[in-house]
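The values are calculated or read from the model by the stated rules, or taken from the named source; none is laboratory data. Just so we're clear, the structure is a prediction, and the values are computed from it rather than from any experiment. No Cβ is skipped: glycine too gets one built from the backbone with ideal geometry, and neighbour counts run over all protein chains shown.
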Amino acid sequence: MANGSDDRNVLVSVLAGIGVGVLVGAAVGLLLAPKSGEETRDDLSRAVKDLNDKITDLGRTLSQKVAAASDKLRSQMAQKIDEVVKEEEEAAG
């Protein structure tokens, strides 16, 4: 179970890193390449859209991983329950 928590922590770190990277990159780009207000707004809009797309993709990936982990856990629990029931039936005779 700790492995799932570790995976979740890694994913949160990746999301945070991407978000910070995009924001820092956008800020540095604005400071180092002065443009007209319209161009700057377009660039900023594009950067926000790209960040949104990346977060959406990562959210989808996280959702798929959580679903897969849930299915695996459900299957393992069902298998253990079956084993316990079988042992109890054998013990009962």
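Which of the residues spanning the range 1-37 are exposed (fewer than 10 other Cβ atoms within 10 Å of the Cβ), over 24 Å from the mean Cα position of the chain (by Cα) and part of a helix (DSSP H, G or I)?
If the condition is that a residue be exposed (fewer than 10 other Cβ atoms within 10 Å of the Cβ), over 24 Å from the mean Cα position of the chain (by Cα) and part of a helix (DSSP H, G or I), then L31, L32, G37 are the ones that fit.
Select from the range 38-56 the residues that are basic (K, R) and modelled with pLDDT of 85 or more and write down the one among them that is nearest to the chain's Cα centre (by Cα).
K54
List every residue pair whose Cβ atoms sit under 7 Å apart, with the two residues 6 or more apart in sequence or on different chains, where the first one lies in the range 68-93 and is within 20 Å of R8 (Cα to Cα) and the second, anywhere, is at pLDDT below 90 and part of a helix (DSSP H, G or I).
The qualifying pairs are A69/G4.
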